[in-house]
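Remarks on the structure that follows.
The values are calculated or read from the model by the stated rules, or taken from the named source; none is laboratory data. It should be emphasised that the depicted structure is a prediction, and the values quoted were computed from it without experimental measurement. Glycine also receives a Cβ, built like all others from the backbone with ideal geometry; neighbour counts cover every protein chain displayed. SASA here: full protein model, heavy atoms, side chains in, ligands and nucleic acids out. Shrake-Rupley method; radii C 1.70, N 1.55, O 1.52, S 1.80 Å.
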Amino acid sequence: MVELLPLSDIEPQAVEALLDAAFGTDRFGRTAYRIREGVDAVPALSFALVEDSALIATIQCWPVVHRKADGAETPLVMVGPVAVRPDVQRGGHGRTLMAHMLAASETKADGALMMIGDPEYYDRFFGFDAAATGAWDLPGPFERRRLLARAVNGHDLPRGAGMIGPR
């Protein structure tokens, strides 16, 4: 039986081992890690799936901000990583976590959602797209088409140029 739990109920070492298995130990050099550097995940939007006492998947969300050149800031929530243990991938676990996080975000997110991900997947199933992110910048290399966002909980997406970074 698969159980959905708050990520805060899971040992941090188990989460790190799952992330290493899903994304490799070189994952810390990725731009997504720079964006959320020095901040803690949002507990109300970060979850785990456990089966027979073993961690099989996680989703984390992070407080970030869109900063314009004039200093104006718009809070955002960065979604990801969504990690699934390699031997159980394609079993719907990532979708389950995304759906649960999106439901929670409708009342608990303190900003619109953004992520770096596959637009064909995240737009089709979860409503994330790149329509508002064309002038956004990140602190490292990224594929512009993969910078996605979605309004949620009454929070509109920031428009125009700005740097995404930790809040």
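Output the qualifying pairs, or none if there are none: Cβ atoms under 7 angstrom, residues six or more apart or on different chains, first residue in region 71-98 and more than 18 Å from residue 10 (Cβ to Cβ), second residue open to solvent by 50 Å² or more (accessible area, probe 1.4 Å) and assigned to a strand (DSSP E or B). That search, which allows pairs on different chains as well, returns 73/67.
Taking the criterion of being among the small types (Gly, Ala, Ser), closer than 26 Å to residue 153 by Cβ and assigned to a strand (DSSP E or B), the residues of region 47-88 that qualify are 48, 57, 80, 83.
Of the residues screened, residue 96 is not one that is of a type in the set (S, T, N, Q), surrounded by fewer than 14 Cβ atoms within 10 Å (Cβ to Cβ) and over 12 Å from the mean Cα position of the chain (by Cα).
Restricting to region 12-47, and then to whatever is closer than 19 Å to residue 109 by Cα and of a type outside the set (Gly, Ala, Ser), can you tell me which residue is most open to solvent (accessible area, probe 1.4 Å)? By that ranking, first place goes to 40. For region 80-93, the set of residues classified as more than 15 Å from residue 22 (Cβ to Cβ) and crowded, with 20+ Cβ neighbours inside 10 Å is empty. Here the condition is being of a type in the set (Phe, Trp, Tyr) and either in contact with a strand residue (DSSP E or B) (Cβ under 6 Å, 6 or more places away or on another chain) or over 21 Å from residue 121 (Cα atoms) (or both); of 28, 23, it holds for 28 alone. When residue 14 is tested against the conditions (1) modelled with pLDDT of 95 or more; (2) assigned to a loop (DSSP other than H, G, I, E, B), the lone failure is (2).
Of everything in region 111-149 that is touching a Ser or Thr at 6+ places or on another chain (Cβ under 9 Å) and assigned to a strand (DSSP E or B), the residue that is nearest to residue 34 (Cα to Cα) is 116.
If you go through region 59-79 one residue at a time, how many are open to solvent by 40 Å² or more (accessible area, probe 1.4 Å) and either touching a Ser or Thr at 6+ places or on another chain (Cβ under 9 Å) or among the basic types (Lys, Arg) (or both)? Adding up the residues that qualify gives 2.
Does residue 52 satisfy being exposed (fewer than 14 other Cβ atoms within 10 Å of the Cβ), among the acidic types (Asp, Glu) and on the phi > 0 side of the Ramachandran plot?
On the way: exposed (fewer than 14 other Cβ atoms within 10 Å of the Cβ): yes; among the acidic types (Asp, Glu): yes; on the phi > 0 side of the Ramachandran plot: yes.
Yes; evaluated as a whole, the condition is true for this residue.
Restricting region 100-110 to residues that are touching a residue at least 12 places away in the same chain (Cβ under 8 Å) and not acidic (Asp, Glu), the residue that is surrounded by the fewest Cβ atoms within 10 Å (Cβ to Cβ) is 107.
Reported count of residues in region 131-164, each being open to solvent by less than 40 Å² (accessible area, probe 1.4 Å), over 16 Å from residue 81 (Cα atoms) and among the small types (Gly, Ala, Ser), is 4.
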